[in-house]
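A short worksheet on the structure shown next.
Throughout, read-outs are computed from the coordinates displayed, never taken from laboratory work. Everything quoted here is computed from the prediction, not taken from an experiment. In this analysis, Cβ positions are derived from the backbone assuming ideal geometry, glycine residues included, and neighbour counts consider all displayed protein chains.
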Amino acid sequence: MLREMIEIDEEKCNGCGVCVPGCPEGALQVIDGKVRLVSDLLCDGLGACVGECPEGALKVEKKEAQPYDERKVVENIVKAGANTIKAHLKHLYSHGQKEFLNTALEYLKEKGIDIPDYKEEKMTGHHHAGGGCPGSRALDFSEEEGAAQELSGEIPSALRQWPVQLHLVSPGAPYFQKADVLLAADCTAFAMGGFHRDYLKGKALAIACPKLDSDMDIYAEKLTSLIDDAQINTLTVMIMEVPCCGGLLALAKQASANAKRKVPVKAVTVSLKGKVLSEEWA
């Protein structure tokens with residue numbers, strides 16, 4: 001998958017940290033007097049941090065990105081020293097990336113590298129490291145499944161992760177790996193009373209609006225990456241009965257056709273009053 005990533009020129013970087021609050025994902029930190037990309041897991045490549053750098057040390061470069069490989073990331077990070085290793089482990093831990101964290105710890109043990117004390121209370125949306133919008137942080141809720149059922153009188157949510165907007169989601173996130181994915185038009189969850197119970201439960205979610213959203217070509221690339229790189233099991237596309245919503249299904253079909261792998265694609269059409277009008281494999 002060809003995607004854009006932040007590159008840091010260490011010779012130009014003076015460690016001022018002005019760029020750090022400009023990174024919505026909290027992936028930049030000042031360590032040992034230089035700004036470091038502690039994890040490319042959440043770098044969306046949009047370059048929000050670039051314009052904040054007074055030294056011109058940041059730039060966006062388009063690269064052919066392979067499926068996320070934590071071992072390769074850690075192999076590169078250890079070269080920057082113990083403080084960067086600790087920051088990376090904290091980054092994974094605070095974002096609930098258990099699978100990647102375990103891989104990183106295994107690598108460090110294999111190489112005989114000391115594992116720093118990285119554990120800390122998981123950050124909430126009001127304490128987002130590095131500043132920026134906490135709504136872009138990747139959060140895996142799967143370990144909390146069932147907890148809401150213990151709350152008397154409340155209907156549990158079936159949402160398993162965050163973010164959900166297709167522009168913000170990362171195909172490399174662990175909750176998309178070999179998952180059943182629901183791609184839902186924005187209005188469907190509001191129209192359907194049983195959206196969580198009947199369609200969202202057990203699935204990773206992405207939402208989009210084919211009429212109002214921009215850069216639809218990025219959507220096609222992300223869906224293709226979900227199929228090829230995340231190796232999802234199935235893709236369910238839920239749309240409203242209005243004509244403009246058909247564009248989302250067309251986009252999914254296009255991504256499926258462009259992908260090297262083939263996965264089942266189901267189309268679900270919902271009426272304006274929330275009734276399922278049709279449900280069939282596309």
Listed here are the pairs Lys211/Lys253; Lys12/Lys90; Lys98/Lys266; Lys201/Lys273; Lys178/Lys222; Lys86/Lys203; which of them are more than 23 Å apart at the Cα? Lys12/Lys90; Lys98/Lys266; Lys86/Lys203
Taking the Cβ of each residue in Ile6, Ile115 as the centre, tally the other Cβ atoms inside 10 Å and list the residues starting with the fewest. Ile115, Ile6
Give me the extension gain from Gln165 to Lys178: residue separation times 0.36 nm, minus the current Cα-Cα distance, reported in nm with one decimal. 2.8 nm
When Ser256, Ser278, Ser225 are arranged by how many other beta-carbons sit within 10 Å of their Cβ, fewest first, they go Ser278, Ser256, Ser225
Surrounding net charge for Ala185, when Lys and Arg each add one and Asp and Glu each subtract one, Cβ distance under 12 Å: -2
